[in-house]
Amino acid sequence: MKDPYSVLGVSRDATEDEIKKAYRELARKYHPDNYAGTNLAEVAEEKMKEINEAYDFVQKERQGQTSGSSYGGSGSTYSSYSSSGTTSFAEIREMIRNGRYVEAELKIDATPAGDRGAEWNYLKGCLLVQRGYYYDALKYIEVACYLDPNNAEYREAKNRMNVRSSSYGSPYRMNRGQGDTDMCGLCTKLLCADMFCECCGGDLIPCC
Amino acid sequence: MFGYVRPYVPSLQVQEYEIYRAVYCGLCRTMGEVTGQASRLTLSYDFCFLAALRMAFLDSREVAYEQHRCPVHFTRSRFMAETNPALVYTAAAAACLTDGKRLDDLQDETGTARLKPYALTPLCRSMQHHVQKHYPTEALAEKIRNRLAELSDLEKAGCTSAEETAQVFGLLMQDVFTEGLTDSTKRAIAGEFGLRTGRFIYICDAMDDLCDDIRNHRFNPLAGLWGDLALNEEGKPSEMLKSAFRTAAIVDLEGLGRAVELLPDGILTRILKNIVYQGMPYTLTRILAGKNGNPGKRRLYEISPGAIGEITDAEKQ
């Protein structure tokens, strides 16, 4: 997801009129009618949607009602792009929770090396799991557990992965060879047979 | 190529074992016919896996088994799969892969290690020469070369993601497994088999060579990913790495498990299930125990009490 101001091509301190003008310009350019019947119709439609959303967002933000917007209700996300410095992992968690993985990944990769502690490793691992990159993901989760062995959350994530893999292969041939193979059953049967033989006057096991 | 993909023999039924051997011997014989007698030396269990999979796709009328004599085991005749399209294709693919590996080694290796690809050159030439009469391999050879080049680029760039390199090798095997299949269902199943098997082989090889590669400063995807945490104080792979490696490899095996369930019923499918559900986990156990994952051709298995149980017991903790 992009910064709505950059989508519209205006600066953050642009006036209301400038924004309106930029929006009209773009809307005319990407209007679906211009692309009707071409292979690019879908791409254009996407672009148009993006522009509309950005415009709505900016309008709402300016009227001070960002909470209900389609951008997950976190208007602060955008301002944080420009403010470099300390990393807020809570913000990245929020992004992951809302399914904004690409954004979260960009942010996590931009984290300076000095801030890459246990939590950074854990979140990086979560994002890689999301992408299906298990060989890499498991490394980061393991390292998170290593750096912070007492954290229940990291341990839980590691265990979840391990449990998932533990049942592998177990259904294979589970229903075979489960007949009466144990020795107790065998002895019981022999004794029964001996008893029946004795009833009939014979003897299968001479000693009893 | 590496021999990581093999059945766990103690839990095969006797007839399944016979059929597996028949496929192995049949493939060897077919390689003699298709790519020349000398090429039989390059046979491995991984190719046998490909042959078994492709044979599972064939119509049952195309698959036959017969007693034959073989020059290596001349004392008594053996039960072998008769030459069929699946075996011919596998022999051709084996020739391409061996040649691809040779070209790759020729580029990457230095010093005495370069002798091996040089020594293989005449054999590969003769294999390529023979195979053209039976199966056109240009398209496949081209695909393999491209993937290996891609892999080599990643390695040269010092890629620190084990996932990316493993994926490229997986895609290479996907090309090999799906080549020549027209039916879309078969293609999808074989593709999944190839991808997962390739990734598994690649990562197992990386794990197997980890210590050597680090000692000799050679590229290793796991060493790149883990950095200083790869080895413990004793110079053995660290517990963290082992645990992560095992869990991630099982994820690939799960993919194979899903694919194997979609195969048509039959004895070959039962063999493939054994390989996927027990043989490959057993390879993992061996590698993690620090033994070479490839126990050699003669020892197809070792009877160790609870060899498979070991895995599950350890996991319950």
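Looking at B:4, B:65, which is the one that is farther than 24 Å from residue B:132 by Cβ, surrounded by 24 or more Cβ atoms within 10 Å (Cβ to Cβ) and in contact (Cβ under 8 Å) with a residue 12 or more places away in the chain? Answer to the selection: B:4.
Close contacts from region B:112-123, counting a first residue that is surrounded by 12 or more Cβ atoms within 10 Å (Cβ to Cβ) and a second that is among the basic types (Lys, Arg), with Cβ to Cβ under 7 Å and a gap of 6+ residues or different chains, come to B:117/B:102; B:120/B:102; B:121/B:102. Please find, among A:144, A:157, A:104, A:193, the residue that is assigned to a helix (DSSP H, G or I), under 30 Å from residue B:273 (Cα atoms) and modelled with pLDDT of 65 or more. Only one candidate qualifies: A:157.
A quick yes/no check of all residues on (1) free of Cβ contacts under 8 Å to residues at least 40 places away in the same chain; (2) not hydrophobic (A, V, I, L, M, F, W, C):
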{"residue": "B:235", "(1), (2)": "yes, yes"}
{"residue": "B:240", "(1), (2)": "yes, no"}
{"residue": "B:246", "(1), (2)": "no, yes"}
{"residue": "B:249", "(1), (2)": "no, no"}
{"residue": "B:255", "(1), (2)": "no, yes"}
{"residue": "B:265", "(1), (2)": "yes, yes"}
{"residue": "B:269", "(1), (2)": "no, yes"}
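Does residue B:108 satisfy the criteria of being modelled with pLDDT under 85 and in contact with a helix residue (DSSP H, G or I) (Cβ under 7 Å, 6 or more places away or on another chain)? Judged against the criteria, residue B:108 is a match. Criterion applied to B:235, B:255 was being more than 9 Å from chain A (Cβ to nearest Cβ), small (Gly, Ala, Ser) and in a helix (DSSP H, G or I), and the one residue passing it is B:255. The residues in region B:133-170 that are under 20 Å from residue B:181 (Cα atoms), surrounded by 16 or more Cβ atoms within 10 Å (Cβ to Cβ) and of a type in the set (A, V, I, L, M) can be counted, and the count is 3.
Only one of the listed residues (B:92, B:56, B:86) is modelled with pLDDT of 90 or more, assigned to a helix (DSSP H, G or I) and in contact with a Gly (Cβ under 8 Å, 6 or more places away or on another chain). That residue is B:56. One residue stands out among those in region A:123-175 that are exposed (fewer than 15 other Cβ atoms within 10 Å of the Cβ) and either in contact with a His (Cβ under 7 Å, 6 or more places away or on another chain) or touching a residue at least 12 places away in the same chain (Cβ under 8 Å) (or both): the one that is farthest from the other protein chains (Cβ to nearest Cβ), which is A:153.
Residue-wise test of (1) among the hydrophobic types (A, V, I, L, M, F, W, C); (2) not in a helix (DSSP H, G or I).
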| site | (1), (2) |
| --- | --- |
| B:5 | yes, yes |
| B:10 | no, no |
| B:28 | yes, no |
| B:34 | yes, no |
| B:49 | yes, no |
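Can you say whether residue B:178 is surrounded by fewer than 20 Cβ atoms within 10 Å (Cβ to Cβ), at pLDDT 90 or above, under 30 Å from residue B:85 (Cα atoms) and β-branched (Val, Ile, Thr), as far as the supplied structure shows? Here the answer is yes, as residue B:178 does meet what is asked. Contact annotation: residue pairs with Cβ atoms under 6 Å, 6 or more positions apart or on different chains, pairing a residue in region B:158-184 that is under 22 Å from residue B:46 (Cβ atoms) with a partner that is not in a helix (DSSP H, G or I), are B:163/A:133; B:165/B:159. Looking only at region B:8-34, residues that are more than 23 Å from residue B:285 (Cβ to Cβ) and not basic (Lys, Arg) come to 15 in all.
The rows are residues; the columns are (1) under 27 Å from residue B:229 (Cβ atoms); (2) within 8 Å of chain A (Cβ to nearest Cβ); (3) surrounded by fewer than 17 Cβ atoms within 10 Å (Cβ to Cβ).
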| residue | (1), (2), (3) |
| --- | --- |
| B:244 | yes, yes, no |
| B:247 | yes, yes, no |
| B:262 | no, no, yes |
| B:278 | no, yes, no |
| B:281 | yes, yes, no |
| B:286 | yes, no, no |
| B:289 | yes, no, yes |
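Go through B:164, B:150 for me and flag whichever is under 20 Å from residue B:204 (Cβ atoms) and either among the basic types (Lys, Arg) or under 23 Å from the mean Cα position of the chain (by Cα) (or both). None of the other options fit; the residue is B:164.
The values are calculated or read from the model by the stated rules, or taken from the named source; none is laboratory data. Note that the coordinates shown come from a computational prediction; the quantities given were computed from them, not determined experimentally. As a convention, Cβ positions derive from the backbone with ideal geometry for all residues, glycine included, and neighbour counts pool all protein chains shown.
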